[in-house]
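Below is one structure, written out as structure tokens, with a few remarks after it.
The values are calculated or read from the model by the stated rules, or taken from the named source; none is laboratory data. Computed from a prediction, not measured in an experiment: that's the story for all the values here. Heads up, the Cβs are rebuilt from the backbone with ideal geometry, glycines too, and the neighbour counts pull from every protein chain shown. Surface accessibility is based on the protein's heavy atoms, side chains included, excluding ligands, DNA and RNA. Shrake-Rupley method; radii C 1.70, N 1.55, O 1.52, S 1.80 Å.
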Amino acid sequence: MKINKILMVAAVSALLVSCGGKGGGRPNFGDNEFPVQSVQTRTASMQTTYPATIKGVQDVEIRPKVAGFITKVCVKEGQAVGAGQLLFVIDNETYQAGVRQAQAAVNIATAQCNTAKLTYENNQKLFQESVIGSYELESAKNSYASAQAQLSQARAALASAKEQLSFCYVKSPSSGVVGVLPYKVGAMVSASSVPALTTVSNISSMEVYFSVTEKDMLELSKAAGGVQAAVNAIPAVKLQLADGTVYGHEGKVTKASGVIDASTGSVQLIAQFSNPERLLKSGGSGSIIIPNHDYTAIIVPQSCVSEVQDKKFVYVLGKDNKVKYTEIKVNPQNDGVYYVVTDGLKAGDKYVTNGITKLSDGMEIVPITPERYEQKINEQAKAMSAGDIVGAMKK
């Protein structure tokens, strides 16, 4: 008996819920009574989400300046490195030979320059003693100047050869974390190699890129008095990660792009987040959550709203107790339970909260309070027999 009673109560509850749920069904009271609620302004805490891409503050692609075979990989993927740390070594035998050759050229040029200097100094003495003329003296001077120029040229060639040799030792230009290592020892690489040797990302803080529509950006800019003022006025934002969890640190929108993407009609914004635990990775994805607090919002349950061709309507009660099928505008962001009405209703208006599928425009009703409506449901549930329930559930 207890089991049967429990099953009956459950059936009644299911039946009444299906009658009074979203879509507006109502119990058959046998009269024209409908629950009516007055519109009131309330505090609305909404949020807007935007798809986002996560990047390090500094993502540096590492590419070699010289061509050659990789002879050593000095780091691992995900390893933290400092500025100037050695990452790769490229075969440098040819470049070492170039340095030796350039050094030999410097030695030769130095010797020639020294000889030319001695000749010039000796000719100066001979000229003072009137042994030689000015022509011989000027010739020795010019030879010495030419030898000096050749020495400078040889030294420049040596510096260039050493620089080329240094390019064989690929170092990190900044501190960060090593990305993917697509090349192994023995691979042939060059400055034009695709992909790059790796990427070093500074992830101490992260930049999260997202876009808003041109219309939204214009509204924000006009309200704040400029683009940068609008950016500064955006409250602290949150980041929803790819697994659905919310990142533990709030971020701040810091920059807005100066141009509008013609293909999407959107403006790119950048929010900065600290990343002390290194949970965020460059190249990741997520969603930016911007809170939006409207302290004068009109909120109505979605269950009392009907939709026709992407338009939304409610039944508003007139002074003659006749309902009017009224179109409303709502904020596209909602919590799945309530709508924030932006147009079509004002404080003090009365609207029907349940049973809207039984209504028609201009229909006269007997308004009751939502509390009385619930009371009548309970009374009807108690009065229903098992046969009534079974019959109703078969419909």
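Key figures for this structure:
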quantity	calculated
Links that overshoot a 31 Å alpha carbon limit, given the list LYS222/LYS322; LYS222/LYS329; LYS184/LYS238; LYS319/LYS358; LYS222/LYS312; LYS252/LYS350	LYS222/LYS322; LYS184/LYS238; LYS252/LYS350
Distribution of pairwise C-alpha distances over segment 75-131, 10 Å bins, in %	18, 19, 18, 16, 13, 9, 5, 2
Cβ-defined net charge surrounding ALA102, 12 Å radius [Lys, Arg +1; Asp, Glu -1]	+2
Cβ-Cβ FRET estimate between LEU279 and ILE368, R0 fixed at 51 Å, reported to 0.05	0.40
Listed peptides 129-139, 249-259 by packing density, highest first (mean Cβ within 10 Å)	249-259, 129-139
Segment 57-186: translational diffusion in µm²/s, Stokes-Einstein, Kirkwood Rh over Cα pairs, 25 °C, 0.890 mPa s	134 µm²/s
Neighbourhood net charge (12 Å Cβ-Cβ; Lys/Arg +1, Asp/Glu -1) for SER221	-1
Mean projected area (nm²) of the alpha-carbon convex hull when segment 141-242 is viewed from all directions	15.0 nm²
Dipole magnitude (debye, nearest 20) for the chain, charges at Cβ of Lys, Arg, Asp, Glu	780 debye
Neighbourhood charge, 13 Å Cβ-Cβ cut-off, centred on LYS252 and excluding it, Lys, Arg +1 and Asp, Glu -1	0
Approximate spin-label separation GLN79-ALA347, in nm, with each point projected 7 Å along Cα-to-Cβ	6.6 nm
Gain upon complete extension [ARG100, ASN334; 0.36 nm per residue less C-alpha separation]	76.9 nm
Cα-based helix-to-principal-axis angle, 93-128 vs the chain, degrees rounded to 10	40 degrees
Spherically averaged projected area of segment 236-395 from its Cα convex hull (nm²)	16.6 nm²
Share of carbon and sulfur in the accessible heavy-atom surface of the chain [1.4 Å probe, %]	53 percent
Fully extended contour minus Cα-Cα distance, from SER38 to ILE108, at 0.36 nm per residue	15.1 nm
Contour excess over end-to-end distance, with Cα ends at ASN321 and ARG155 and 0.36 nm allotted per residue	49.7 nm
Partners for LYS382 among lysines (Cα-Cα distance below 21 Å; same-chain residues under 8 apart left out)	LYS2, LYS5, LYS394, LYS395
The chain - percent relative contact order, Cα under 8 Å, separation 6 or more	28 percent
C-alpha long axis of helix 370-383 to longest principal axis of the chain, angle in °	60 degrees
Over the chain - Rg/Rh using Cα atoms and the Kirkwood inverse-distance radius	1.37
All aspartates and glutamates inside 17 Å of LYS65 as judged from Cα atoms, apart from same-chain residues fewer than 8 positions distant	ASP91, GLU93, GLU163
Those lysines that a straight Cα-Cα span of less than 20 Å connects to LYS117, excepting residues fewer than 8 apart in one chain	LYS125, LYS141
Segments 93-100, 339-346 sorted - mean Cβ within 10 Å per residue, highest first	339-346, 93-100
Separation of the SER257 and THR48 label points, Cα + 7 Å toward Cβ, nm	1.7 nm
Nearest-ten-degree value, helix 2-20 long axis tilted from longest Cα axis of the chain	70 degrees
Sequence of SER221, SER192 when ordered by accessible area, the most exposed leading, probe 1.4 angstrom	SER192, SER221
